[in-house]
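First the structure, in the form of structure tokens, and then the observations on it.
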Amino acid sequence: DVVVESGGTTTTHSITVTKDAQRPYVRYTSPFETDRYAPPPETVTVNSSRISLAGNFSDVTGVSHLQILRTTPYRVGTTNRTDRQVYQQSDLDGSFEQSIFLGVGDNTITARYYDELGHVRVHRLNVTVEDTAPPTLSALSAIRRSPSELRLRGRATDNGQIRSVAVRPEDTSNAAYL
């Protein structure tokens, strides 16, 4: 309590002081689960390029914003490169969910969680995408546009990424070419 005396009048005010000396904690709920105060695993393996990173916060003053950096190394010819994507959220209400697009293979995720007083919790983890399911073709149709032209349409989908689609006859001994 704070007591103020002025001109013979005494006024008492109650003040609550909250101490927050800790960085925020995250209990992850997707694509893996952790306990309230446990860090994420160092390595996670998933079977899809699109994941949802989600969790609930534990902090005295609340988490104000977050930043997630995803890096994926790749090679173009003989040159090594790194693809980077930054995701940000603010106005969080005790939890978060962020869709992240990963590259097939190894990805590094660095997540930073900031509380209202500027304390930062940093988590780093490696996420490996192992695409074990083959791609699928659907809604395939063929339209003969002329005696020498055939138009093929369809949808190719995969858990990872599709580099290219090639159409080849199964048995070339009986194939008829236009």
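Computed quantities for the displayed model
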{"read-out": "The chain, accessible surface, carbon-and-sulfur percent (1.4 angstrom probe)", "value": "45"}
{"read-out": "Accessible area in the full protein assembly, largest first, 1.4 Å probe, for L66, L117, L152", "value": "L117, L152, L66"}
{"read-out": "Semi-axis lengths (Å, descending) of the ellipsoid that matches the C-alpha gyration tensor of the stretch 1-56", "value": "51, 11, 7"}
{"read-out": "Ellipsoid equivalent to the chain - semi-axes via the Cα gyration tensor, in Å", "value": "57, 18, 14"}
{"read-out": "Most to least accessible of S14, S30 (protein chains only, probe 1.4 Å)", "value": "S14, S30"}
{"read-out": "The stretch 1-156 - accessible surface per residue (Å², probe 1.4 Å)", "value": "66"}
{"read-out": "Gaussian network model of the chain, springs between alpha carbon atoms under 10 Å - residue of V165, V127, V44 with greatest fluctuation", "value": "V165"}
{"read-out": "If the convex hull is drawn through the Cα atoms of the stretch 62-165, its volume per residue in Å³", "value": "166"}
{"read-out": "For the stretch 67-126, average projected area of the Cα convex hull in nm²", "value": "4.8"}
{"read-out": "Average Cα contact separation per residue, the stretch 1-109, under 8 Å, 6 or more apart, as relative contact order %", "value": "24"}
{"read-out": "Cα-Cα pairs of the stretch 10-100 separated by more than 15 Å (percent)", "value": "71"}
{"read-out": "Ranked packing of 101-112, 68-79, most packed first, by mean Cβ within 10 Å", "value": "101-112, 68-79"}
{"read-out": "Listed residue (Q85, P135, G7) projecting farthest to the positive dipole end of the chain, Cβ model", "value": "P135"}
{"read-out": "Projected label distance in nm at D83 and L137, using a 7 Å step from Cα toward the beta-carbon", "value": "2.4"}
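The values are calculated or read from the model by the stated rules, or taken from the named source; none is laboratory data. Predicted model, so just to flag it, every value in this text is computed and none were measured. Cβ: placed from backbone, ideal geometry, glycine included. Neighbour counts: every protein chain shown. Just the protein is used for accessible areas: all its heavy atoms, side chains included, with ligands, DNA and RNA removed. Shrake-Rupley method; radii C 1.70, N 1.55, O 1.52, S 1.80 Å.
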